[in-house]
Amino acid sequence: MNLTELQKRLLAVARRNPPGDAVPYRFERRIMARLGEAPQPAIWLAWSRALWLGAAACTLVAICAGVWAPATRDDNGTSFSEGIEQTIMASSDDLDSAW
Amino acid sequence: MAETGLMEASVIVDKSDAELIAAVLGGDMASFEPLVVKYSPRVFATARRYARRESEVEDIVQEVWSKAFHKLPGFRGEAPFEHWLMRMAVRTCYDFLREHQRKKESSFTDLTQPESDWLEGFVRAPDQVSDEADAARQLVGRLLEMLSPPARLVITLLEIEDRSVKEIAELTGWSVPLVKVRAFRARSEMRKCLRRITKEKYV
């Protein structure tokens, strides 16, 4: 079979039979109604944006804390985190000695 | 009252595209309707080249008009509104093809009886088969559906709508060399699809 000839023939068929241009009844009304609708708030989009913003903020805080914590060692070699832990646990230590 | 309404409608229809667009941009949304009425037939005809089901065609056309409305502030008026709109229509159709890309592995056995008969008739006596037959039209549709989205778009614009390479470049946003490369590939892809359709029977 001559495929090139068949291809030409089929393309000629397509050229000779353009699709119709009929428009459904009152289609323009449908378009105008759709355009006139108030834009729906994209709740999930807003939620995902908020999550990403929150994640970015948390990452920033973590990086800042990571940089800042080693720099806050006092003269006794106690780090900031150890200091906080001692302060928090001080009350329970007092409680132990009270018993 | 009704007559007044009719008169208003005819005045709107008689306005030029530029006036209507200016009115829409000025906040008069109703002026968009005459544009929809005027150009919808062309947009429908374009969409029907790429989508078979009428519901899909309507979705495409709605999408085109929605994009046109929202991008209207970007219309500079350097080219006619119709050209700008048709560019949008072609690109929307291309997006549709890419979203609904189906790898159809049609073969001769998938053809309907009338399509097979038309092909057999073509093999026996190419001059005696009718181009007006429904089977021929269905066969073309089947063949186009087998093509990849860029191949289908370029074959439709170049071979079926008889557009120039430059026009296609403008419509699609592709460069002229890219259109030429895609046209070359599309023709070869089409021959490959034809071979696949016919191989079981004739090759």
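For the condition at pLDDT below 95 and closer than 22 Å to B:ALA51 by Cα, what is the one hit in B:GLU145, B:GLU120? Write out each step before concluding.
Details: B:GLU120 fails: closer than 22 Å to B:ALA51 by Cα.
Result of the check over B:GLU145, B:GLU120: B:GLU145.
I'd like the full set of residues that are within 15 Å of B:VAL24 (Cβ to Cβ) and away from every other protein chain (no Cβ under 13 Å), limited to the range B:69-84. If you could, list the steps in order and put the result at the bottom.
Our first condition is that a residue be within 15 Å of B:VAL24 (Cβ to Cβ); within the range B:69-84, this holds for B:69-77, B:81, B:84.
B:PRO73, B:GLY74, B:PHE75, B:ARG76, B:GLY77, B:PHE81, B:TRP84, listed by residue number.
Residue-by-condition table, conditions (1) crowded, with 16+ Cβ neighbours inside 10 Å; (2) at pLDDT below 85; (3) touching a Gly at 6+ places or on another chain (Cβ under 8 Å); (4) in a helix (DSSP H, G or I):
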site	(1), (2), (3), (4)
B:ASP127	no, yes, no, no
B:VAL140	yes, no, no, yes
B:ALA151	yes, no, no, yes
B:GLU189	yes, no, no, yes
B:THR198	yes, yes, no, yes
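Can you tell me which residues in the range B:147-160 are of a type outside the set (A, V, I, L, M, F, W, C) and within 15 Å of B:CYS93 (Cα to Cα)? Working first, answer last.
Step one: of the range B:147-160, the residues of a type outside the set (A, V, I, L, M, F, W, C) are B:148-150, B:152, B:156, B:159.
Within the range B:147-160, B:SER148, B:PRO149, B:PRO150, B:ARG152, B:THR156 meet the criteria.
Could you look through the range A:6-27, keep only residues that are among the aliphatic types (A, V, I, L, M) and buried (at least 16 other Cβ atoms within 10 Å of the Cβ), and pick out the one that is farthest from B:GLN62 (Cα to Cα)?
Here is the first cut: in the range A:6-27, the ones among the aliphatic types (A, V, I, L, M) are A:6, A:10-14, A:22-23.
Checking which are buried (at least 16 other Cβ atoms within 10 Å of the Cβ) leaves us with A:6, A:10-11, A:13-14, A:23.
On the way: A:LEU6: 36, A:LEU10: 30, A:LEU11: 29, A:VAL13: 29, A:ALA14: 25, A:VAL23: 12 Å.
The residue in question is A:LEU6.
Of all residues in the range B:3-42 being within 21 Å of B:THR92 (Cβ to Cβ) and away from chain A (no Cβ under 14 Å), which is modelled with the lowest pLDDT?
Checked the range B:3-42; the qualifying residue modelled with the lowest pLDDT is B:ASP17.
Of all residues in the range B:148-203, which are among the polar types (S, T, N, Q) and more than 11 Å from chain A (Cβ to nearest Cβ)? Can you show your working first?
Start the filter on the range B:148-203 by keeping residues that are among the polar types (S, T, N, Q), which leaves B:148, B:156, B:164, B:172, B:175, B:188, B:198.
Residues satisfying the conditions are B:SER148, B:SER164, B:THR172, B:SER175.
Tell me yes or no: at least one residue of the range A:79-92 is at pLDDT below 75 and not hydroxyl-bearing (Ser, Thr, Tyr).
yes
The values are calculated or read from the model by the stated rules, or taken from the named source; none is laboratory data. Everything quoted here is computed from the prediction, not taken from an experiment. Don't worry about glycine lacking a Cβ; one is built from the backbone with ideal geometry, like all the others, and counts go over all protein chains shown.
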